[in-house]
Structures are given as C-alpha cells and as structure tokens.
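Notes for the one structure printed next.
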Amino acid sequence: MQILSPLHFYPGPSKLYPQIGEYLQTALAQGFFSFNHRSPEFVKCVRETVHHLKAKLEIPDDYQVFFVSSATECWEIIAQSLVQYRSLHVFNGAFGEKWWKNTRRLKAAPELIQGFTFAPEACPELPILKAKMPPHTELIALTHNETSNGTALPTDFLWELRQAFPEVLLALDATSSMAGMALPWAAGDLWLASVQKCFGLPAGLALLLASPQALARAEAIGENRHYNSLLALAAQAQVFQTTHTPNMLGIYLLGQVMQAVAPIAQVDSLLRQRAREGYAFFEKLDFVQPLIQNPEVRSDTVLALRTHEELLAKIKAAARNKNIILGNGYGNWKNTTFRVANFPAITNTEFELLQDFMVNFKK
Ligand SMILES: *Cc1c(COP(=O)(O)O)cnc(C)c1O
C-alpha cells in the first residue's frame, strides 16, 4: 500500500527534507541513539553539527551555538540570563507580542519590560524608537520574520539599528527565516530559531546563537540558577555538551541536513526568486491578494495571503481535497488570510502544483 504524503505548505511544522528517512535508518543501524550523550561518539556528532551549521550558514566563528528545545525556551533563556530589569520588545504581530508577554510574566517588575508596536506595512521608525526607548534598556527584542503576518525586517534596517544602539543587546527571533535567508549575524547579539520551519526538520530542537558581547553580558549578570541558564549552557558547550540529555535525534539530523544543503547564499537567492514569482502570481488572481502591500517588508519565507472570509474555508477545503495543506491565518488575521511556506525543503515542482491548484480553483 502506498501512502502519499500531502504537499505541505504550512509554515511550521512544515515539509521535512526527504532524506530524513535515510538518515534515520543509517543512525538506527549504527545504534547511534543509544550512545551516552557524553560519549566520544555523540560529542563528535555535536562538534560536526556545529561545524556544518556555521559553514553553511556563514555564522561568525566567535558566535556560540546552543542546542535547546524550542524558540519559546530561547525567549525564556534570554529573559532569565540576559535581562536584569529592562528590555524593549519591538513587534508588529503575534509572535513578537507573545515573546513580550512571556518575558513580562517572568520578571519581578513587568512594567520595565516595554512593548513598542509598529505597523506591518513599514519598518519601525528609528527616530521614534530612539525617542521612546526607556533609559537603561539592556536588550531590544525583535522578530526577524513575523510568521503570523508574513513580514520581515530588512537587512539595512538591522544594520541601522546596530549602529544606533551599539551598547544594547539586540535579540532576533529568526525561527521562520534562519537556514532560509542569509542573515546579517553581526547586526545581532542573539539569534534564535527552532528547526521545524526553514531547517526542514522534525520539531523539538532549537538553536540559540550568542555573540561574544552577549556572553560577556551573561558573565556580568552571573545568573546561573536554571538548568538552561546561559552560563551553564556556555560552560558545557565548551566541550560540545549540554546541561541535560539533549535532543540527540534532532542534533544528529540537523548535522546531516546541514552537511547536505547548499550554502546559504544560494538558498537565499532561490527563495527570494520563488517569493517574487509567488507574490506576482497571487497578485494576478482576482480572489487573493498578498496581505502586505509594501514589498520592502514582505517576508520571502512566509507568504501571507488575504481573501474574502467566505472564500477562505472553500479554498482550504478544496486544497485539502487535492492533498495540499495550506497554513491557517494567525491571530488577528485568522479569518481572512492563509499562509504559504516558502521553505528550502519545498521544491519548485511543488510550488507549480500549488499554482495549478489556485488557477483552477472555482469560486
Ligand atoms: C514558530 C515560531 C515560534 C515558536 O516556536 P516554538 O519552537 O514552538 O517555540 C516563535 N517565533 C516565531 C517567529 C515562530 O515562527
């Protein structure tokens, strides 16, 4: 009996790389997942995974890589280990807002954890941000790619922000862009992502990358009370280990995938081109429009598409019928939008099938 996997365009969990099955079979045949997590075999796997990750994504040598379990956990680690009193959360959508609210819940003085919202159609305005930023802000939290509404922060903006606030730690949630887009690493001190989006891997693993400046701040603060305190993670990462038994399966698969994929510059240009064509395609349809009009702030990895409320359910049901899974709308945009992942594991052929479906959809 042959069971066909649907075409997955959901922006997380999303389509896995097809080689995952082979990687698993090889590792199982070698008894790999029964090695102790501090054994030479597994430590070698972590070292190689870090090596391939840094090489393929062009991550600076002096940035440290930490393996944790989710993007949400990364938010907590940043709150507990890098913010003593004051952070500023800059957001235009549901994930950025959730990060802000989670951080407020963790801090003794939540009123010092401030939110700065901006319109999805534009970048945050730096002069306004500067004017509104409370004194002694230790960290600015931003969502690089806001998965809920299909917006992304342009690279130029991130460099301007870096220049405007050289002393403040900049933390970026790149969950739905890391391993898809070439990121300006040095413009941020902390970059986080879980792997069920652009990495094309099963959920349950996340990466937290930290600059020397971020690690120096962790040292200065000295917070070391949690199993996932940044200082504790950093001490173990020196020897390619973790404070607890990590997601060995996820780390192993990440290493294999990173070894196999093209360098990030190539992946980036492929996705940008496909996004351009995708937006142009949807703009030509008379019943769907991109949610975001301004191409400067549109995401290249998550396409958010707007339609009439009555049509949305029909489109999704018809897609389901053709074994095509579209992403639901999110938060405020739940009833009028759907989302299409443009992640590296999805092939051009699959995109063509999606376009065929859309062209032939009968209202
Ligand atoms: C999916 C997503 C998250 C949540 O990731 P978890 O691994 O479930 O914690 C956080 N931020 C963004 C931008 C996301 O797209």
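The values are calculated or read from the model by the stated rules, or taken from the named source; none is laboratory data. A quick note: this is a predicted structure, and the numbers were derived from the prediction, not measured. In this analysis, Cβ positions are derived from the backbone assuming ideal geometry, glycine residues included, and neighbour counts consider all displayed protein chains. What goes into the accessible areas is simple: the full protein's heavy atoms, side chains included, and nothing from ligands, DNA or RNA. Shrake-Rupley method; radii C 1.70, N 1.55, O 1.52, S 1.80 Å.
Brief remarks on what is shown
- Derived scalar couplings between HN and Hα for region 152-157 equal 9, 7, x, 4, 4, 4 Hz in order, rounded to whole Hz, by the Karplus curve 6.51 cos²θ - 1.76 cosθ + 1.60 (θ = phi - 60°), x for Gly and Pro.
- With the simple model of a label 7 Å out from the Cα in the direction of the Cβ, Lys44 to His244 spans 2.8 nm.
- Cα gyration tensor shape for region 1-67, rounded if a/c is under 1.5, else prolate or oblate: oblate
- Residues Arg162 and Glu58, FRET efficiency given R0 of 22 Å [Cβ-Cβ distance, rounded to 0.05]: 0.80
- Residue of Tyr279, Tyr330, Tyr23 that the Gaussian network model of the chain assigns the largest fluctuation, springs spanning Cα pairs under 10 Å: Tyr23
- Taking the chain as a Gaussian network of alpha-carbon nodes connected by springs under 10 Å, the highest mean-square fluctuation of the residues Gln19, Gln30, Gln213 belongs to Gln30.
- Spin-label model distance (nm) - Gln266 vs Glu296, 7 Å beyond Cα toward Cβ: 3.3 nm
- Solvent-accessible area, 1.4 Å probe, carbon plus sulfur percent, for the chain: 53 percent
- Computed over Cα pairs, the Kirkwood radius of the chain leads via Stokes-Einstein (1.567 mPa s, 4 °C) to a diffusion coefficient of 61 µm² per second.
- Rolling a 1.4 Å probe across the protein heavy atoms gives region 1-68 an accessible surface of 59 Å² per residue.
- Note that region 121-131 has calculated 3J(HN,Hα) couplings of 7, 8, 6, x, 7, 4, x, 5, 4, 4, 5 Hz, one per residue in order, obtained from phi through the Karplus relation 6.51 cos²θ - 1.76 cosθ + 1.60 (θ = phi - 60°); glycine and proline are x.
- Gyration tensor verdict on region 218-363 (Cα atoms; rounded if a/c is under 1.5, prolate if a/b is larger than b/c, oblate otherwise): prolate
- Extension gain from Lys101 to Gln30, taking 0.36 nm per residue of separation minus the Cα-Cα distance: 21.1 nm
- Using a simple spin-label model with pseudo-atoms 7 Å out from Cα toward Cβ, Lys284 and Ala235 lie 6.1 nm apart.
- Pairs from the table (Lys56/Lys101; Lys284/Lys362; Lys284/Lys363) lying more than 23 angstrom apart at Cα are Lys56/Lys101.
- Take region 157-242 with all the other protein chains still there, run a 1.4 Å probe, and you get 32 Å² of accessible area per residue.
- Helix-only mean residue ellipticity at 222 nm for the chain, each DSSP H run of n ≥ 4 adding -39500 (n - 2.57), per residue, nearest 500: -12500 deg cm²/dmol
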